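Let me begin by presenting the structure, written as structure tokens, before commenting on it.
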Amino acid sequence: MQSVKSNCFLALVVSVFALASATAFAGDMPMVSDAWVRSAPASTKAHAGYLTLHNHTGTEVSIVGAASPQYMQVDIHHSRIVDGVATMTRQDQITLAPGGMLKMAPGGFHLMLLHPTVALQTGDAVNIDLKMANGETLSFTATVKKSGGMPDHGHSSHKMN
Amino acid sequence: MAAARKTGLAGVALLLVGGIAVAGSLALQPDAGLPDDLRDFALAEPAQLQTVTLADGKGAVAFPGDADNRWTLLAMGFTHCPDICPFMLTNLAEVESQMKGHLSAAELPRFVFLSVDPSRDTTTYLAEYVSHFSDDFLGITGPPPAIDQLTKELGAFYRLGPKDSDGDYTVDHSAEIFLIDPKGRLFGKFQPPLDPQETTVRFKNARRFYAQSNT
């Protein structure tokens, strides 16, 4: 099993599905949708945040960091299960190509929300800032909610790889 | 002529299909003792696990130990795991819920979460953590030698990562769900995510096979 060292600088170029219809209203900031935080036992020190990022802009966008007033630290992580072993590696940067989309979902990319400073309950809003490489900040709120173990209702075709 | 050629081709096709069928049945020979409905997840031979002393929120637990004639479904991980562990435990709670509709209380397996990170996961905290997913889940951990012994015999893997400047670290760990029979033997492994209905059927098949082979 090969594990990627967390300190190595990984530039992940995510050039996935071009959103042809969405390019019509290109702004300078990517858009966030479906942002949520998985509800967790009260004393848990690490939570996961999920969201979908759409880069409607005409230029490449890099996310180089994250923060939240409700957590001491926020990292960008990537989980994988390879040969039956779960690994989680910190990503120093996530890059979206123009028109690109990244879905951060259970079993893959997520925001690692560490050391909550307040008790969060289902339905609460978490304020999150994503820091972009160009110095700008993308702010949004994510709702705390419970999630099923099989969001895709997936059978063998939806392995969490 | 054309008809004869067609018949000839059909004959060749039949021979080919027959040949594939024979080759297929030969390929399955090594597991001949295992019924078809167990092949996807069961070991050819169950592997006895040595009982080790771990602990839950109430005290010492001999594991697998005397399980009161119950089966066990075991997941391993750590509570600082925000993504895959909650995903697996939520998935297991769905399996438990499905099984409760199809099995009696005595037939239900124990659902166990083994933390391989005892320095951060106290047993009290672990009990609170697993209860978030189901009232009946058991959270166990213990001294690293006992964890190492058990994970080795399960054919499982874990590795604590290096600490960052804040002392945080991540843990690589097996993400399979281990099925242990009432004799404390590793019976099989399930790959997540588990389909609750399919897993319930597979578990009932495992119980039936076990009852037939241990009478």
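A short reminder: the numbers here are calculations on the coordinates, not readings from a lab. Bear in mind that the values here come from a model prediction, so they are computed numbers and not experimental data. Don't worry about glycine lacking a Cβ; one is built from the backbone with ideal geometry, like all the others, and counts go over all protein chains shown.
Tabulated data
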quantity	calculated
Segment B:48-119: Cα Rg divided by the 2.2 N^0.38 Å rule of thumb	1.20
Stokes-Einstein D for segment B:71-184, Kirkwood Rh over Cα pairs, 4 °C, 1.567 mPa s (µm²/s)	88
Links that overshoot a 21 Å alpha carbon limit, given the list A:K45/A:K145; B:K152/B:K204; A:K45/B:K163; A:K103/A:K131	B:K152/B:K204
Tail weight of P(r) past 21 Å, computed on alpha-carbon pairs of segment A:51-142, percent	35
B:K204-A:T52 FRET efficiency (beta carbon distance; Förster radius 35 Å; 0.05 resolution)	0.35
P(r) weight above 27 Å for chain B, C-alpha pairs, percent	40
Estimated FRET transfer efficiency when R0 is 25 angstrom, pair B:D136-B:E45 (beta carbons, to 0.05)	0.25
